Amino acid sequence: MRRFLMVVVGILLLGGAFGAGWLLSGLGVGRSVPVDALDARERAFADRMQNVVLDGRFTVDWPEPREGQFGDRYEIASVEKLDGNRWRFNARIVYGSVDVTVPVIVPIEWAGDVPVIRLVNASLPGVGEEFGATVAFDGDRYGGTWDHGEVGGFMFGTIHPAGALDAEESR
């Protein structure tokens, strides 16, 4: 009987370790691709997105358009390539009443040297589910479309070094 219990406990421990590894890899926790292994466009993107703020606006255009544009701000500490086309944005997301810091794992495809995020029905920790977005990063600008469930619109803005906006505002 004791041997049987030891085997069961061993199987449970192995299953738990496998499950934890699967969960952590899905969240993007773990090793990133070394910078030396990135190609030139990936390295340029990772370098560009160190300690920056995406300062922008978004619209709500469907299902019922709302007048005006609304501010949003994404503080990016860093981005790291994980595996395949998955990248981890270590980000603070601020919009409306939401203010959370989370690692956000997104797929990035490339249009030449322009990185493009393409999310479909994604879940973002601390923010919610059913997120979609197609966002291109071009130099010091970004822009694209977004949706959250049944609501969606456009988003666009500029990319600044962290602290640069605060310095401008204090002048």
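The values are calculated or read from the model by the stated rules, or taken from the named source; none is laboratory data. Keep in mind it's a predicted model, so treat the numbers as computed, not measured. Cβ placement follows ideal geometry from the backbone for every residue including glycine, while neighbour counts extend to all protein chains displayed.
Filtering the range 138-167 to residues that are surrounded by fewer than 13 Cβ atoms within 10 Å (Cβ to Cβ) and not small (Gly, Ala, Ser) leaves ASP140, GLU150, PRO161, ASP166. On the basis of being surrounded by 15 or more Cβ atoms within 10 Å (Cβ to Cβ) and either at pLDDT below 95 or over 15 Å from PHE154 (Cβ atoms) (or both), does ARG43 make the cut? Considered against the rule, which asks whether it is surrounded by 15 or more Cβ atoms within 10 Å (Cβ to Cβ) and either at pLDDT below 95 or over 15 Å from PHE154 (Cβ atoms) (or both), ARG43 comes out as no. Contact annotation: residue pairs with Cβ atoms under 9 Å, 6 or more positions apart or on different chains, pairing a residue in the range 36-54 that is under 17 Å from ALA164 (Cα atoms) and among the charged types (D, E, K, R) with a partner that is at pLDDT 95 or above and surrounded by 13 or more Cβ atoms within 10 Å (Cβ to Cβ), are ARG48/VAL79; ARG48/PHE137; ARG48/ILE159. Among the residues of the range 29-49, those that are within 15 Å of ALA136 (Cα to Cα) and in a helix (DSSP H, G or I) comprise ARG41, GLU42, ALA44, PHE45, ALA46, ARG48.
Is it the case that the range 110-123 has a residue that's touching a His at 6+ places or on another chain (Cβ under 9 Å) and in a strand (DSSP E or B)? Taking every residue of the range 110-123 in turn, none turns out to be touching a His at 6+ places or on another chain (Cβ under 9 Å) and in a strand (DSSP E or B). Looking at GLY68, GLY56, just one residue is among the small types (Gly, Ala, Ser), part of a loop (DSSP other than H, G, I, E, B) and more than 13 Å from the chain's Cα centre (by Cα), and that residue is GLY68.
Within the set of pairs 6 or more residues apart or between chains, which connect a residue that is exposed (fewer than 13 other Cβ atoms within 10 Å of the Cβ) inside the range 64-88 to a residue that is in a loop (DSSP other than H, G, I, E, B) with Cβ atoms less than 7 Å apart? Once the first residue is exposed (fewer than 13 other Cβ atoms within 10 Å of the Cβ) and sits in the range 64-88, its partners that are in a loop (DSSP other than H, G, I, E, B) give ARG66/VAL60. Looking at GLY152, is it over 25 Å from ARG48 (Cβ atoms), in the same structural domain as ASP55 (by TED's automatic domain parsing) and either in a strand (DSSP E or B) or under 13 Å from the mean Cα position of the chain (by Cα) (or both)? Yes, satisfied.
The residue of the range 105-132 that is farthest from the chain's Cα centre (by Cα), among those that are surrounded by fewer than 18 Cβ atoms within 10 Å (Cβ to Cβ) and among the small types (Gly, Ala, Ser), is GLY112.
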